[in-house]
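See structure below.
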Amino acid sequence: MEKIGKYKEWKPDLWRVPSACGLSGFINRDGGLVSGEVIIDSMRVMNERGNGLGGGFAGYGIYPEYADYYAIHIMFESQEGKHACEKLLEDNVVLEKMEEIPKETSERITDPPILWRYFCKPRVEKILECGKSEDDFIVDLVMSINTSVPGSFVFSSGKNMGVFKAVGFAEDVGEFYRLGDYRGHAWIGHTRFPTNTPGWWGGAHPFNILDWSVVHNGEISSYGTNKRYLEMFGYKCTLLTDTEVMAYLFDLLIRKHRLPIEIACAVMAAPFWKDMDSAGEEERRLYESLRAVYGGALVNGPFAVIVGFSRGIIGLNDRIKLRPLVAAEKDEYLYISSEEAAIREICPKPDRVWAPRAGKPVIGMLKDGV
Amino acid sequence: MPDRFLPSEFIVNVDHQRCRRCKRCILNCGFGVFDFQNMTTADSSKCVACHRCVVFCPEEAITITRNPLAFREHASWDVGLRKAIWKQAQSPGMILTGMGNDKPWLNIFDHLLIDACQVTNPSIDPLREPMELRTYLGRKPARLEIEYDSQGKPVLRGAVENNIMINVPIIFSGMSYGSISLNAQRAIAIAAERLGTLMNTGEGGLHEELYPYANHIIVQCASGRFGVHSKYLNAGVAVEIKIGQGAKPGIGGHLPGEKIGREVSGTRMIPQGTDALSPAPHHDIYSIEDLRQLIYALKEATGYKPVSVKIATVHNVAAIASGIARAGADMIYLDGFRGGTGASPAIVRDHVGIPIEIAIAVVDEQLRSEGIRNMVSIIAAGGIRSSADVVKAIALGADAVAIGTAALVAMGCRLCQKCYTGNCSWGIATQRPELTSRLDPDWGAERLVNLVNSWSLEVKEVLGALGINAIESLRGNRDRLRSLGLDPATNEVLGVRPAGM
């Protein structure tokens, strides 16, 4: 497993990989729990959108017995890497439980790395020492492992949620990780069609930081701008794909800068000036300020994303809708997908199906009190 | 020894078969090349190849050629070097010149290639989709605070103060009244207003007539303080402290007394006929904390309008820029070593400073690494020759670019590099009334508007090819540039990978 550091260490065969993809996700807004089998079924009908070189899932509410602990999923290339990484973990966090991530042997998922998960909390003395919030501390720890511990990669770091991803078709990845054994109130899934392949598990979606997970279909033409903007706030883009900047942008805008979700979406898929100029003075001033300040966070180029986080899921298209995204509702369920077929596969008779407009987010939140 | 120890640079030839003896060439030449004795005669030794006569000859009877006179080739002793020695041996002094560095230094812009979309990412058609170039100049907070009011409407807590909105990321650079004519400044002011962008007074004050263009003017405060008074400081949308100029880093300026006529004298607030000498440093700025004092003095004097600090790009430009940002500036105007001038010693123009491409890259990176990039806008100038340069400068990290030479060329300038003589036949770099009157401000403005609109179209076309529909997604997007033929160290400084990687 190679690491990409600063541009000084560029490897020509390991630079950013453009890819096209299929996405699906849903949430039960009442908090009702659903088996991971359901999201696998939804993804199964979209194999045409992948080529077997990457698939993955994120489930929310799946670790209720460890809900207060950060669930850190890590892939290791070797036992030595694992030892080095565990040493770093022990120095920084209190480990409540550590175990191998359960998996099925599969003919179609080959050559897996060592896959472990760690339920933990930051060490109190470390938090006091650095003066940061627990979340920021975990972000730093993840960045530090991913950039400086050879052969170790954190691919999930939220609470009461987990990311499961691999090289393979989505349904095979889901079965490999035995997702049928988990129950969650929200799931998102992804199948990938990279146009060349480093054959690396870390490159599959979802991309995650804390409880933010992003599945993404598109290619970010503003990647260089977004990456350098995020670097100003301490994020390090290491995962060989432009999608991770989406995850970090959501984390920065919503968690760190506390922007409302709709506003964060209006930063990433900004309305056009021509529409703002004719809006009311207050609205115009708001969006003018947003673009002046957050121009580096405007995401340009074709994208459809589904973002999962502890309280809900968000679907968002780029400002001129260059990739498909469909939404549907049925009772307490909100579905978002690249294709209506993927929704109807798991919800044959939705109450409502619609195509979200360019740049307008579809948001499904857990109800208050859930 | 004959007077003409130096051979003429150009040979002026008048085709007497075609010449109808209208004498337009005599009227048009600011350098006194032509005379008339039964027929049109030309003194080639005075010709600077500005083409004014060629353009205005109704019979196309005039041709100008380079003097083909052979010199013994010598790889070390370029003919230019020999001529410089002859000039200085004849009359002692520095060799003066005008416009920007004309030496064949490596031009980095010409070694950068722009990306485009194919298959995996659709390009965007600028004829069918909006393409946004609007840019905000000034200090911005690192973040905004937004809350919902009782009706669930998002409300901004605090706003972005004192930013200047420009419709295109191209402004006009500082060229003073004195170095250029009032008509040239008028043309630029009219164009800035029509384009929704900015002009810059340069260090010569602001003529009363241009006060109506206040919303499109940056007023400059330079080391000579010419024409600086409180009404002037408040006459624009921003104030610029000029520390240095790309064409002459580290040295002052000298506008000879002959150019200080009644109008220039009134505008600059100096006696008619006296030399206008700008000191090399500001004598109230000997260190960064002094700069801070002037920045805040100007802010106090103007009700906190944004303050720009203009510096020539010198070796330590990144650290200097960081200091300027922390000293309270809202904009940093970087003037590269190809920047133009009305007059500069050739040694300084041609050998001092570093290229703007490098300066943009290192300043942008330095400010980002310190997490203070939002505190200032970077305006890049000194060597912006085309819309391709605009795209590359912004991709390297500039917020906007400024054009000076390109604007003058649009108004007729032929880069003859004789601005310091005050004889500009195009009515641009002169104060001679018979010459300045020939530059019609409306004609000049139209050409400037055409130029900037053309470049805007080209920038939009390239953005569309890049799959980008807002200029902010190009800003600092070095990922969409590749270099060709640059050495690894330069690539690293630029933060640009070589083509193929």
Square roots of 5 times each gyration tensor eigenvalue, C-alpha, segment B:164-498, largest first, Å: 30, 23, 19
Distance-filtered residues of segment B:7-37 - backbone nitrogen under 16 Å, label point 7 angstrom along B:S44 Cα→Cβ: B:7-16, B:33-35
Of all DSSP beta bridges in the protein assembly as shown, antiparallel share, percent nearest 5: 75 percent
Viscosity 1.306 mPa s, 10 °C: Kirkwood-radius Stokes-Einstein D of segment B:348-492 over Cα pairs, µm²/s: 91 µm²/s
Net charge dipole size for the protein assembly as shown [Lys, Arg +1 and Asp, Glu -1 on Cβ; Debye, nearest 20]: 2800 debye
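Return the FRET efficiency for the residue pair B:S386, B:M165: r is the Cβ-Cβ distance, R0 is 35 Å, and the value is rounded to the nearest 0.05.
Working: r = 25 Å, r/R0 = 0.70.
For B:S386 and B:M165, the calculated efficiency is 0.90.
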Charged-residue dipole, Cβ positions (Lys, Arg, Asp, Glu), segment B:286-413 about Cα centre, Debye nearest 20: 160 debye
Note, ³J(HN,Hα) from phi for segment B:234-243, Karplus 6.51, -1.76, 1.60, rounded to Hz, x at Gly and Pro: 8, 7, x, 8, 7, 10, 10, 8, 8, 8
Inverse mean reciprocal Cα-Cα distance (Kirkwood Rh) of segment A:61-150, Å: 14.3 Å
Highest-fluctuation residue, A:V353, A:V307, A:V293 considered, GNM on chain A with Cα pairs under 10 Å: A:V293
Tail fraction, Cα-Cα pairs, segment B:276-425, threshold 22 Å, whole percent: 46 percent
Inter-label distance, nm, simple model (7 Å from Cα along the C-beta direction), B:E129/B:Y211: 4.8 nm
Net charge over other residues, Cβ less than 13 angstrom from the Cβ of B:K299 (K, R count +1; D, E count -1): -1
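Within segment B:111-185, which trypsin sites (Lys or Arg not before Pro) sit in a loop by DSSP and count at most 16 neighbouring Cβ atoms inside 10 Å?
Hits after loop and neighbour filter: B:R128, B:R143.
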Least to most buried among A:Y294, B:Y286, A:Y287, B:Y304 (fewest other Cβ within 10 Å first): B:Y286, B:Y304, A:Y287, A:Y294
Under Karplus coefficients 6.51, -1.76 and 1.60, residue-wise ³J(HN,Hα) of segment A:291-301 in Hz, glycine/proline x: 6, 5, 7, 10, x, x, 9, 5, 9, 9, x
Using a Förster distance of 60 Å, the FRET efficiency for B:N234-A:A341 (Cβ separation, nearest 0.05): 0.40
Fewest-first ranking of A:S289, B:S425, A:S310, A:S338, using other Cβ atoms within 10 Å as the exposure measure: A:S310, A:S289, A:S338, B:S425
Distant-in-sequence amide H partners of A:G54 (H built 1.01 Å from N, under 5 Å): A:G168, A:R192
Euclidean distance of C-alpha centroids, segment A:250-300 and segment B:26-74, integer Å: 59 Å
A:D91 versus B:A280: modelled label distance in nm, points set 7 Å from Cα along the beta carbon direction: 5.2 nm
Debye intensity ratio in log₁₀ form over the Cα atoms of segment A:95-209, taken at each q of 0.15, 0.18, 0.20 Å⁻¹: -0.76, -1.05, -1.25
Distant-in-sequence amide H partners of B:K242 (H built 1.01 Å from N, under 5 Å): B:C221, B:A222, B:K310
Residues with amide H under 5 Å from that of A:V93, placed H, sequence gap 5 or more: A:R123
Inter-probe distance in nm under a simple model that places probes 7 Å from Cα toward Cβ, at A:D275 and A:N47: 3.8 nm
Which of A:Y223, A:W212, A:Q79, positive extreme of dipole for chain A (C-beta unit charges): A:Y223
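For chain B, what does the helix formula give at 222 nm: sum of -39500 (n - 2.57) over DSSP H segments with n ≥ 4, over the residue count, nearest 500 deg cm²/dmol? Could the numbers behind the result be given before it?
Values: 15 runs with 144 residues, N = 501.
So the calculated ellipticity at 222 nm is -8500 deg cm²/dmol.
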Where N is the number of residues in segment A:120-175, Cα Rg divided by 2.2 N^0.38 Å: 1.44
Residue-by-residue Karplus 3J(HN,Hα) for segment B:402-418, coefficients 6.51, -1.76, 1.60, Hz, glycine and proline x: 10, 10, x, 4, 4, 5, 5, 4, 4, 8, x, 3, 10, 6, 6, 6, 10
Cα lying deepest toward the dipole's positive end in chain B, options B:S369, B:L69, B:L144, charges on Cβ: B:L69
Per-residue [θ]222 nm for chain A (sum of -39500 (n - 2.57) over DSSP H runs n ≥ 4, rounded to 500): -8000 deg cm²/dmol
Per-selection Kirkwood Rh - chain A (Cα, Å, 1 d.p.): 20.6 Å
Alpha carbon Rg of the protein assembly as shown, scaled by the compact-globule rule 2.2 N^0.38 Å: 1.10
Stokes-Einstein D (µm²/s) once Rh is taken as the Kirkwood radius of segment B:10-93 over alpha-carbon pairs, at 20 °C in 1.002 mPa s: 147 µm²/s
Compactness index (Cα Rg / 2.2 N^0.38 Å), segment B:296-344: 1.32
Exposure proxy ranking, count of Cβ atoms within 10 Å, fewest first, for A:D181, B:D364: A:D181, B:D364
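No value in this document is a laboratory result; all are computed from the given coordinates. Values in this document were obtained by computation on a predicted structure and should not be read as measured data. Ideal geometry is used to build each Cβ from the backbone, glycine not excepted, and the neighbour counts take in all protein chains shown.
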